[in-house]
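Structure, as structure tokens:
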């Protein structure tokens with residue numbers, strides 16, 4: 001089960017957000033009973 005503050009890794013590119021497969025982020029919000037998630041991704045240069 002994914003919880004807030006868990007680290008996540010993208011499994012697909014998301015070029016519209018400048019994110020690439022393998023980027024690491026942190027879950028900041030879990031919607032409902034794991035119905036959806038919001039995650040933040042930060043690059044090494046900020």
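Every number in this text was worked out from the coordinates using simple rules, so none of it is lab data. Predicted, not measured: the structure shown is a model, and the values here were computed from it. Cβ placement follows ideal geometry from the backbone for every residue including glycine, while neighbour counts extend to all protein chains displayed.
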Mind listing whichever residues of the range 35-46 are free of Cβ contacts under 8 Å to residues at least 12 places away in the same chain, assigned to a strand (DSSP E or B) and farther than 11 Å from residue 4 by Cα? 36
For the range 21-34, state whether one or more residues are surrounded by 13 or more Cβ atoms within 10 Å (Cβ to Cβ) and part of a loop (DSSP other than H, G, I, E, B). yes
